[in-house]
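**Q** First, the structure itself, so that you have it in front of you.
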Amino acid sequence: MSGLALGYPPVRLEAADAVLYPAALDDADALFDRVMADVDWKQEELTFYGRRIPQPRLSAWYGDAAYAYSGLRLEPRPWPPVLADLRNRCEEIAKAPFNSVLANLYRDGTDSMDWHSDDEASLGPAPVIASISLGAARRFQMRRKDKQGDAVCTELGNGDVLVMSGRCQADWLHRVPKTKKPVGPRINLTFRNIINSP
């Protein structure tokens, strides 16, 4: 399938049931522009301990099923052609089906994603999640929920694809921390398969 590079060897994060495919998308710059323009970005609010807090990033939900997390229910929007194309590429890389995608836009270093796991019941007990990075590189950290063993820290750059599967969501947390370094915008697309729509 055109658009896949896969020229670099994959980096296996064995302990976390994750595989990083560096620079897997050979048209990453053009994809960044298309996704930025075609996605209907908005700032959602999450519920924590009864309080509504704006997410420190912009996001959008597309696909075939609704999704719910942290008191937020996302109704699906129809697939834009660019996201449908990227879904097909991720299915080829991950060898798994995807019926939805969460798009996140990190506008600068003050935008972030705190520690969490994608372990909602609607994803099943061992979900496969393919995560595309476009634009500026950002640090990506993983740690075990039981705090045993070593944490994993890597940088996700333009065109990288990270596939998380197996026990990753059950046993591990991950985040994109804030940074004080000057950094440009980054788009992250996490493709997933909803098996029980909330």
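The values are calculated or read from the model by the stated rules, or taken from the named source; none is laboratory data. All of these numbers come straight from a predicted model, not from anything done at the bench. Glycine gets a Cβ as well: all are built from the backbone with ideal geometry, and neighbour counts include every protein chain shown. When the accessible area is computed, the model is the full protein with side chains, heavy atoms only, and any ligands, DNA or RNA have been set aside. Shrake-Rupley method; radii C 1.70, N 1.55, O 1.52, S 1.80 Å.
**Q** Among the residues of segment 71-89 satisfying the criterion of being in contact (Cβ under 8 Å) with a residue 24 or more places away in the chain, among the charged types (D, E, K, R) and not in a helix (DSSP H, G or I), which is most open to solvent (accessible area, probe 1.4 Å)?
**A** Restricting to residues being in contact (Cβ under 8 Å) with a residue 24 or more places away in the chain, among the charged types (D, E, K, R) and not in a helix (DSSP H, G or I), the top hit is ARG73.
**Q** One residue is enough: does segment 145-152 have a residue meeting the conditions small (Gly, Ala, Ser) and either at pLDDT 95 or above or closer than 26 Å to GLU44 by Cβ (or both)?
**A** Of all residues in segment 145-152, those small (Gly, Ala, Ser) come to 149, 151.
Now restrict to residues that are either at pLDDT 95 or above or closer than 26 Å to GLU44 by Cβ (or both): none.
No.
**Q** Follow-up question, since we're still on this one. Just need a number here: residues in segment 4-31 that are under 24 Å from MET142 (Cβ atoms) and within 16 Å of the chain's Cα centre (by Cα).
**A** 11
**Q** Looking at segment 97-109, which of the residues that are in a loop (DSSP other than H, G, I, E, B) and over 13 Å from SER131 (Cα atoms) is least open to solvent (accessible area, probe 1.4 Å)?
**A** Top of the filtered list is GLY109.
**Q** Within segment 33-55, does at least one residue satisfy the condition of being more than 29 Å from SER197 (Cα to Cα) and either at pLDDT 80 or above or not acidic (Asp, Glu) (or both)?
**A** Just the residues of segment 33-55 that are more than 29 Å from SER197 (Cα to Cα), to begin with: 33.
Now drop any that are not either at pLDDT 80 or above or not acidic (Asp, Glu) (or both), which leaves 33.
Yes - at least one qualifying residue is present in segment 33-55.
**Q** Test each condition in (1) of a type in the set (S, T, N, Q); (2) assigned to a loop (DSSP other than H, G, I, E, B); (3) crowded, with 18+ Cβ neighbours inside 10 Å for GLN148 and report the one that comes out false.
**A** All conditions are met except number (3).
**Q** TRP172 is checked against (1) open to solvent by 10 Å² or more (accessible area, probe 1.4 Å); (2) farther than 23 Å from ALA23 by Cα and fails just one. What number does that condition carry?
**A** The failed condition is (1).
**Q** Restricting to segment 24-70, give me the number of residues that are in a strand (DSSP E or B) and of a type outside the set (Val, Ile, Thr). Working first, answer last.
**A** Step one: filter segment 24-70 for residues in a strand (DSSP E or B), giving 25, 42, 45-48, 51-54, 58-63, 67-69.
Among the residues that remain, those that are also of a type outside the set (Val, Ile, Thr) are: 25, 42, 45-46, 48, 51-52, 54, 58-63, 67-69.
So the answer is 17.
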